[in-house]
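A short worksheet on the structure shown next.
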Amino acid sequence: MVQAKKPRILYMLGWFYPDSVGGSEYYVYLLAKEVQASGWEVMIAAPSVDEKEDNYAYEGLSVYRYPVSLKPTRLEVRGETLPKYFDVFANWLKNYKPDIVHMHSYTRGCGFFHAQFVKQLRISLIFTVHIPGLTCVRGTLMRWGKIPCDGQMRLYRCGACYLEKQGLSKYAALAISAISTFTVKLSNNPENRLGTALGIKRLVSIRKERIQQLFNLADGIVLVSKWLYGVFRINGIPDAKLSLCRHGLPPELINSRPRFDTKVSKPIRIGYLGRFDPFKGVHVLVEAIKRLPLDIPIELRLYGRVNDEEGQAYLKKLQKTGNHDSRILFCGEVTDKDYPEIFNNLDILAVPSLWLETGPLVVLEAFAAGIPVMGSNLGGISELVTNGVNGILLEPGSIKAWSNAIQQLCLYPESLKDWVRGIPPVRSNSEVVGQMLKLYENFVG
């Protein structure tokens, strides 16, 4: 009797373990493990970190790393030309021949040209959106860095917002974006700021065209939060292509949820877990603690990682700011496996993000551990946290609002117990996998 061939799926993303640790990597890892256990043949592909091909196993998952340039040209960065070494990936994909490619990143090393080649081979393509800024040249979906944007790609508006991020005043950015023209040839010199400014309309147009083409290429688009669903609809993507599939957690994390202690700790222990990045808003949290009177019983525990030089500079600035305040503790980097023990020693989690989070997973992890959340009233945070029921939602970036809320929490700590009782059930990753498998079945003959 001939054994039926296993359906074959390739998961693609811009980074993967062990050299990179993040939300997308964790999501794909969990998804791939369960899909593989359900009988599929699974492969994970991501760019390498040294311009070399590599094949290895990571905790039972097969991983292929393909080369990308460590010194890309401006044309590569703008998406105007094929990435260097693209032929290496293309040849490998032709030989591997998956039934489905499921992309989880949009980067130079995992982007439009890769999606286009997948469809040239007549392979089904699914794209899951994990980041807030896929339709945003600024990358945050926060207009002028402060106001939540509807995400609709508009050349003039997006161009001005991008130029303001580069250091121009708001009014200068609006004026230059208005006179920008498609005919200006952008310089390949990264220091040519004038050429970039005058050609901003062309720069935004290229990105808009590439993103729209990606949407058209994908057979299915998976969105992990409701507000993202709205962004895609406003950009003209038909509902038939869109699926809402919220995050989930491994059952062992959900089933190990502890009971809240009968006594609230003194000092109140607030925790932050995540990346050190300006848009994560950790500085708001640090400044909020510093404004509190010294007799307020509070302890801020900061756990996190740094991904780049900007993050390292940000962390050093935070450490300098909190250096002389014994209530602010920098507790070092952690792994996902450390989270249960950390949550066991916290009273509440803080998520002070200044951009529109698509999850975040850390809120679910806190809820699974029986920990309420104080978070910015933005994006995915506001979809998970119900103000006054399982935590508190605060004005993003307002040091005053955060400081006042923390002080009230310390003065009336019994509210923590009420919030714990209001924590909803947390979705299991098995539910996520079940939803994905149903989607996959539509594209496997």
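The values are calculated or read from the model by the stated rules, or taken from the named source; none is laboratory data. Everything numeric here is computed off the predicted structure, so don't read it as measured data. Note that we place each Cβ from the backbone using ideal geometry, even for glycine, and neighbour counts take in every protein chain shown.
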Subject >> Residue within the stretch 33-43 that is farther than 17 Å from VAL433 by Cβ and either touching a residue at least 60 places away in the same chain (Cβ under 8 Å) or part of a loop (DSSP other than H, G, I, E, B) (or both) present >> reply: no
**OP:** Identify the residue in the stretch 71-109 that is at pLDDT below 95, under 25 Å from LEU31 (Cα atoms) and touching a Leu at 6+ places or on another chain (Cβ under 6 Å) and, among all such residues, is surrounded by the most Cβ atoms within 10 Å (Cβ to Cβ).
**Re:** SER105
Original post:
Looking at this structure, is GLU365 of a type in the set (Asp, Glu) and closer than 14 Å to PRO424 by Cα?
Top reply: yes
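For every residue, the table says whether it meets (1) of a type outside the set (S, T, N, Q); (2) in a helix (DSSP H, G or I); (3) in contact (Cβ under 8 Å) with a residue 24 or more places away in the chain; (4) out of contact with any helix residue (DSSP H, G or I) (no Cβ under 9 Å at 6 or more places or on another chain).
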position	(1), (2), (3), (4)
ALA45	yes, no, yes, no
TYR56	yes, no, no, yes
VAL68	yes, no, yes, no
GLU76	yes, yes, yes, yes
PRO83	yes, no, yes, no
ALA90	yes, yes, yes, no
Subject >> Residues located in the stretch 217-245, provided they are under 18 Å from GLY434 (Cα atoms), in contact with a helix residue (DSSP H, G or I) (Cβ under 6 Å, 6 or more places away or on another chain) and β-branched (Val, Ile, Thr) >> reply: ILE221
Subject >> helices (runs of 4 or more DSSP H) lying entirely in the stretch 247-357 (those with 2 or more residues that are among the aromatic types (Phe, Trp, Tyr)) >> reply: 339-343
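Conditions tested, residue by residue: (1) part of a helix (DSSP H, G or I); (2) among the hydrophobic types (A, V, I, L, M, F, W, C).
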{"residue": "ILE392", "(1), (2)": "no, yes"}
{"residue": "GLY397", "(1), (2)": "no, no"}
{"residue": "ALA405", "(1), (2)": "yes, yes"}
{"residue": "LYS417", "(1), (2)": "yes, no"}
{"residue": "ILE423", "(1), (2)": "no, yes"}
{"residue": "GLY434", "(1), (2)": "yes, no"}
{"residue": "PHE443", "(1), (2)": "no, yes"}
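Criterion first (within 23 Å of the chain's Cα centre (by Cα) and of a type in the set (Gly, Ala, Ser)) does SER62 satisfy it? Full working, then the answer.
Working: within 23 Å of the chain's Cα centre (by Cα): no; of a type in the set (Gly, Ala, Ser): yes.
It is false that SER62 is within 23 Å of the chain's Cα centre (by Cα) and of a type in the set (Gly, Ala, Ser).
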**OP:** Look through the stretch 146-157, keep the residues that are surrounded by fewer than 20 Cβ atoms within 10 Å (Cβ to Cβ) and touching a residue at least 24 places away in the same chain (Cβ under 8 Å), and return whichever of them is farthest from GLY230 (Cα to Cα).
**Re:** TYR156
Original post:
Among the listed residues VAL306, VAL334, which satisfies the condition of being of a type in the set (A, V, I, L, M, F, W, C), farther than 27 Å from CYS410 by Cβ and in contact (Cβ under 8 Å) with a residue 12 or more places away in the chain?
Top reply: VAL306
Subject >> Identity of the residue in the stretch 358-381, assigned to a loop (DSSP other than H, G, I, E, B) and closer than 15 Å to LYS280 by Cα, that ends up modelled with the highest pLDDT >> reply: ASN377
**OP:** For the stretch 399-438, enumerate the residues that are closer than 18 Å to VAL385 by Cα and touching a His at 6+ places or on another chain (Cβ under 8 Å).
**Re:** ARG427
**OP:** Check ALA32, ALA4, ALA37 and return the single one that is surrounded by 17 or more Cβ atoms within 10 Å (Cβ to Cβ) and either among the hydrophobic types (A, V, I, L, M, F, W, C) or at pLDDT 95 or above (or both).
**Re:** ALA32
Original post:
Can you tell me which of ASN323, ASN377 is without any contact (Cβ under 8 Å) to a residue 40 or more places away in the chain, out of contact with any strand residue (DSSP E or B) (no Cβ under 8 Å at 6 or more places or on another chain) and not charged (D, E, K, R)?
Top reply: ASN323
Subject >> Qualifying positions in the stretch 382-408 - farther than 18 Å from HIS283 by Cα, in contact with a strand residue (DSSP E or B) (Cβ under 6 Å, 6 or more places away or on another chain) and either of a type in the set (Lys, Arg) or crowded, with 21+ Cβ neighbours inside 10 Å (or both) >> reply: VAL385, GLY391, ILE392
